[in-house]
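Derivation of every value follows stated rules applied to the coordinates shown; laboratory data play no part. Since we're looking at a predicted model, the values are computed, not measured. Note: ideal-geometry Cβ built from the backbone for every residue, glycine included; neighbour counts use all protein chains shown.
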Amino acid sequence: MAKVKSAKAKLIKSSDGNTLAIVNPDAAGIDIADTEMQVCVPENRDGDNNRRFGCFTDDLNNIVDWLLSCRITTVAMEATGIYFLPLFLKLKDSGIDVLLANPRDVKNISGHKTDYADAEWLMLLHRYGLLKPCFQPDNTARKIRNISRQRSNLLQEADRHIQYMQKAMEQMNIKLSTVIADITGLSGRKIIEAILNGERDPEYLASLAHPNCKADKEVISRSLEGTWDDDHLFLLRQSLKSYDFILSQINECDIVIQTFLDEYKSVIDSFDLSTLHRYKRKKNSRSKNAPKFDVEQYAYCLWGVNVFNIPGLKDSAVMQLLGELGHDFVEKFETAENFCSWCNLVPNNKISGGKILSSKLPKRKNLVGQIFRIAASPLSRDKGEMGNYYRRMKAKSGGIQANVATAHKIAKIFFTIVKKKIEYDPCKVGIDEKELIKIKMARLENTLEKLNRKLAEAS
């Protein structure tokens, strides 16, 4: 798959001064909509250089054939929802480079907004190299991304049905969710299934709990004295069936994702797995919603380093990153800061008159940035260097800013180790706990010395 390179605008000197040079002479512009496509090519390629096409498959084939007959090698279009994707893939398959531009960057400065004018404006901007491409993974990674996003949606649906089960039990005054952390775990599942099978004895239901439960059997028994209403029991049964069905769909997604990952390994030069044991993560802790296959192995094959050693990154997060980024994402960003900016983890400083007016993050969604933010959330309880950094930022700026700052650090480390093929080194993250304590003691000693000096002067 050809890599789109954005040609930078060039200035040339003329008798009238500096003027912009054409850097993409064989460029076209396409305005995307759900029902029609407006395509504009340079005037010297065709008499009717700005045409309107439909959105059906034969219309898309006609667009590709017309662009090839006009000797077009690169096309610019807006990333408009999902409507651009069928034409984007067809253009890629035909050998035409496609530059997807952010709609905010290509707003037409003219007073009249029409599809005809937008297509021509896109073509002009692309010819002069004034457009920046949006990041797009390769086609195999796109398949993994689609299924992993569906898996995330299913997990949200599963959580919703867990809430429905809790609601049905609360309406019967069954307080199981207050004494057991996870009602869909080993103990909670046995108790709920026994209730639906007709068991009503609280002591027997409490005996089904696992011996490792924090709550004792007496407390669990007291929480299982309810009204046993028929309507609420029906709702509980329906929610449990829906939850089980969603779990089966999640397992199907895991199977398909593993198939695509095997396909991905076969089409790229994957790294040797024999060296993985040197860098394998120390704690093989898997969350409840983690995929069934070994994500660590696939990530090492595609990226050449073990990103699981970075604090906060777990199986589900790394699987999503494999689909969202692909194996060669480091080649599409110049620096780690560019990558973090794309992830929407860098403040958007507005400066006027030499003063910072605002440094808030832009209001836009980026799934990769959200993955890093979710990974940073539990680090407030981490005992390592990353946890120290999180707590230091929280004391300085608050919880929200600490989460963004820690997510930015994780993203920067992630990009750096993948690009340079080096393993994660916690010593380079920040100061450890002992050094922080020494710094605080020195600061307090200086404060005490100043107070003693003031006391001596006052007396």
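Remarks
- Computed on region 140-233, with alpha-carbon pairs under 8 angstrom and 6+ residues apart, the relative contact order is 31 percent.
- Sorted by Cβ neighbour density within 10 Å, fewest at the top, the residues K113, K265: K113, K265
- Pairs from the list K355/K396; K241/K292; K92/K143; K214/K434; K167/K288 with a Cα-Cα gap above 25 Å: K214/K434.
- Simple label model, 7 Å out from Cα along Cβ direction - D230 to L367, nm: 4.6
- I32 long-range amide H proximity, modeled H, under 5 Å: E78
- Against the rule of thumb 2.2 N^0.38 Å, how large the Cα Rg of region 28-81 comes out: 1.06
- For region 271-428, the calculated P(r) over all alpha carbon pairs, in 5 Å bins from 0 to the bin holding the longest distance, is 1, 9, 17, 21, 20, 15, 9, 4, 2, 1, 0, 0 percent.
- Over the chain, Cα pairs under 8 Å with separation of 6+ residues give a relative contact order of 11 percent.
- Shape summary of region 184-261, radius of gyration then Dmax from alpha carbon positions: 16.1, 50 Å.
- Ranking I437, F234, A28 by how far each Cα lies toward the positive end of the dipole of the chain (charges on Cβ) leaves I437 at the top.
- For the chain, size of Cβ-based charge dipole, Lys and Arg +1, Asp and Glu -1, in debye: 2400
- If you sort the three axes of the alpha carbon gyration tensor as a ≥ b ≥ c, you get a/c of 1.5 or more for region 335-443 and a/b no higher than b/c, which makes it oblate.
- A helix-only calculation puts the chain at -16500 deg cm²/dmol for mean residue ellipticity at 222 nm, using -39500 (n - 2.57) for each DSSP H run of at least four residues, averaged over all residues.
- Between D115 and Q297, the modelled labels are 5.0 nm apart [label points 7 Å from Cα along Cα→Cβ].
- With θ taken as phi - 60° and the Karplus curve 6.51 cos²θ - 1.76 cosθ + 1.60 applied, the whole-hertz 3J(HN,Hα) list for region 444-452 is 5, 5, 5, 5, 5, 5, 5, 5, 5 Hz, x standing for glycine and proline.
- Karplus-derived 3J(HN,Hα) values for region 184-195, using 6.51 cos²θ - 1.76 cosθ + 1.60 with θ = phi - 60°, are 9, x, 4, 6, x, 5, 4, 5, 5, 5, 5, 4 Hz; glycine and proline are entered as x.
- Phi angles across region 307-323 convert, under the Karplus curve 6.51 cos²θ - 1.76 cosθ + 1.60 with θ = phi - 60°, into 3J(HN,Hα) values of 6, 5, 6, 6, x, x, 7, 10, 4, 5, 5, 5, 4, 5, 5, 4, x Hz, Gly and Pro given as x.
- Of all DSSP-defined beta bridges confined to region 10-134, some 60% are antiparallel rather than parallel.
- For region 126-242, fraction of C-alpha pairs farther apart than 19 Å, in %: 55
- For the pair T19 and I400, the difference between a 0.36 nm per residue extended length and the Cα-Cα distance amounts to 132.6 nm.
- DSSP bridge orientation in the chain - percent antiparallel, rounded to nearest 5: 65
- Axis angle, to the nearest 10 degrees, between helix 115-127 and the longest C-alpha principal axis of the chain: 80 degrees.
- As a calculated quantity, the FRET efficiency between N102 and K217 at R0 = 60 Å, using C-beta atoms, amounts to about 0.50.
- Cβ-derived FRET efficiency at R0 22 Å, A181 paired with S248, nearest 0.05: 0.40
- Distance between modelled label sites at Q171 and E193, nm, 7 Å Cα→Cβ extension: 2.5
- Less than 5 angstrom separates the built amide H of V75 from those of A28, D97, V98, L99, all sequence-distant by 5 or more or on a different chain.
- Measuring spread by the Cα atoms of the chain yields a radius of gyration and Dmax of 28.9, 97 Å.
- Were the residues from Y204 through N289 laid out at 0.36 nm apart, the gain over their Cα-Cα distance would be 27.6 nm.
- Farthest positive-ward along the chain dipole, Cα basis, beta-carbon charges - from V256, G353, L321: G353
- Modelled FRET efficiency - R0 22 Å, V256 with D159, Cβ distances, 0.05 increments: 0.55
- Charge dipole (region 140-254, unit charges on Cβ, about Cα centre) - positive-most of I220, N146, A158: N146
- Length added when fully stretched, N44-S380, from 0.36 nm per residue minus Cα-Cα: 114.8 nm
- Here region 10-134 is treated as a Stokes sphere of Kirkwood radius computed over C-alpha pairs; at 20 °C and 1.002 mPa s its diffusion coefficient rounds to 146 µm²/s.
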